[in-house]
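Okay, so here's the structure we're looking at.
The values are calculated or read from the model by the stated rules, or taken from the named source; none is laboratory data. The structure presented is a predicted model; accordingly, all values stated were derived computationally and were not measured. FYI the Cβ positions are ideal-geometry reconstructions off the backbone, even for glycines, and counts take in every protein chain you see. Surface areas here come from the heavy atoms of the whole protein model, side chains and all, with no ligands, DNA or RNA. Shrake-Rupley method; radii C 1.70, N 1.55, O 1.52, S 1.80 Å.
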Amino acid sequence: MGVSETATQDEIKKAYRQLSKQYHPDVNPNGEEKFKEVAEAYENIGDENKRREYDNKKNNPFAGMGGDSFDFSSVFEQMMGGQRQQHKPMAPDKIMTISISPIESYGGIKKDIKYDYFDHCKPCDSSGGERSVCNNCNGQGFIMQKVGTGMFQQVYQTNCPNCMGNGTIISKPCISCGGHGKIKNTENLVVTIPKNVDNGNFMRVAGKGDYNPGVRLRGDLILKVEVNKVDDFEKLGMDLIYYKKITAIDVLTKKQILVPHPDGDLMINIPRNLNTEKPLRLLKKGYRANDGSGDFYIKVAVTNEYELSDDVQQKLEELLKEFN
């Protein structure tokens, strides 16, 4: 009717009167079909309730159609006179977790991993088995469906749900893959873990994921990194944490303790007033990067690994109090 979607009911009525006069058969002998279309259009949007219902159908063309699938983009493209664009399916990514230690993250490392994946089925060449023409689409791979009524009716093309757009269906499944076109396989792979990688980081290994028979390619392997506490080391951002246990005798008799570090063992001074609640800190001894370095923290815990009598234990505790 030549009105916008935001037109008022008065504007719609005005447009209807003008067009009905212009194409009325008594005035325009060649306007009968156009007159019918205008009348049908006004039937849909001339009443506020019917217009609301029409707008809902327009925005949701599959409403009230039993839940059939619908590709709105295809309607739009056909209205614009274009061809529906077929989106090529992508091979799926395979995600797996790889665990490393804080020390392995510190300098980077090559890791051997073994994992299962879906591979190309050679016996059927990933076809799934013997195939026959789909009787739902007659081998075309698509079917045509209609949406709307009258002058607002649109015909669109959609993939055949029976053969998923292939045009053929499996009539005799492959014994090897059971008709899936892919089989389970195992692969050994060496991956390079860069230094400073953190917990929750992801790495992509191209072409090492699962095989997709539809595109005849393997997807990518996505490695989710977990940096776990190992050998009393822990990674916290760019800081390296080490949990050191010493005895009460060490506190009384030693001035230094030996602490392991990725770059080599370090001798750390024991503070006279050791506070186990406050970790010892070595600046710029943590993880290194171009934009700065983290720190190395030693969290000291004082333990008693010796079997002492109650009297000796009490005396030791008194000495520790005096020492602190």
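Among the residues examined, Lys254 qualifies as touching a residue at least 12 places away in the same chain (Cβ under 8 Å), surrounded by fewer than 16 Cβ atoms within 10 Å (Cβ to Cβ) and either touching a helix residue (DSSP H, G or I) at 6+ places or on another chain (Cβ under 9 Å) or over 23 Å from Ala289 (Cα atoms) (or both). Is there a residue being buried (at least 16 other Cβ atoms within 10 Å of the Cβ), among the β-branched types (Val, Ile, Thr) and part of a loop (DSSP other than H, G, I, E, B) anywhere in segment 146-160? Scanning segment 146-160 turns up no residue that is buried (at least 16 other Cβ atoms within 10 Å of the Cβ), among the β-branched types (Val, Ile, Thr) and part of a loop (DSSP other than H, G, I, E, B).
So for segment 198-213 (the condition being touching a helix residue (DSSP H, G or I) at 6+ places or on another chain (Cβ under 8 Å) and closer than 30 Å to Asp295 by Cβ), does at least one residue qualify? Within segment 198-213 (the criterion being touching a helix residue (DSSP H, G or I) at 6+ places or on another chain (Cβ under 8 Å) and closer than 30 Å to Asp295 by Cβ), the answer is yes, since at least one residue qualifies. Selection over segment 161-201 of residues that are part of a strand (DSSP E or B) and either among the β-branched types (Val, Ile, Thr) or touching a Cys at 6+ places or on another chain (Cβ under 8 Å) (or both) gives a count of 10.
Looking across segment 236-251, the residues that are open to solvent by less than 60 Å² (accessible area, probe 1.4 Å), farther than 20 Å from Lys284 by Cβ and not in a strand (DSSP E or B) come down to Ala248, Asp250, Val251. Can you spot a residue in segment 220-229 that is in contact with a strand residue (DSSP E or B) (Cβ under 9 Å, 6 or more places away or on another chain), open to solvent by less than 90 Å² (accessible area, probe 1.4 Å), among the aliphatic types (A, V, I, L, M) and modelled with pLDDT under 85? The answer is no; no qualifying residue exists.
For segment 167-182, the set of residues classified as open to solvent by 50 Å² or more (accessible area, probe 1.4 Å) and either under 30 Å from Asp263 (Cβ atoms) or under 27 Å from the mean Cα position of the chain (by Cα) (or both) consists of His180, Lys182, listed by residue number. Within segment 219-235, being of a type outside the set (D, E, K, R) and assigned to a strand (DSSP E or B) holds for Leu221, Ile222, Leu223, Val225, Val227, Val230, Phe233. In segment 87-138, counting only strands (runs of 3 or more DSSP E) that sit wholly within it, the ones holding 2 or more residues that are open to solvent by less than 40 Å² (accessible area, probe 1.4 Å) span 94-100, 109-120.
Close contacts from segment 272-283, counting a first residue that is in contact (Cβ under 8 Å) with a residue 24 or more places away in the chain and a second that is open to solvent by less than 70 Å² (accessible area, probe 1.4 Å) and hydroxyl-bearing (Ser, Thr, Tyr), with Cβ to Cβ under 6 Å and a gap of 6+ residues or different chains, come to Pro279/Tyr297.
If you go through segment 283-298 and keep only what is outside any loop (DSSP other than H, G, I, E, B) and modelled with pLDDT of 95 or more, you end up with Phe296, Tyr297, Ile298.
Mind checking whether some residue in segment 190-208 is buried (at least 18 other Cβ atoms within 10 Å of the Cβ), of a type outside the set (Val, Ile, Thr) and over 30 Å from Asp263 (Cβ atoms)? Within segment 190-208 (the criterion being buried (at least 18 other Cβ atoms within 10 Å of the Cβ), of a type outside the set (Val, Ile, Thr) and over 30 Å from Asp263 (Cβ atoms)), the answer is yes, since at least one residue qualifies.
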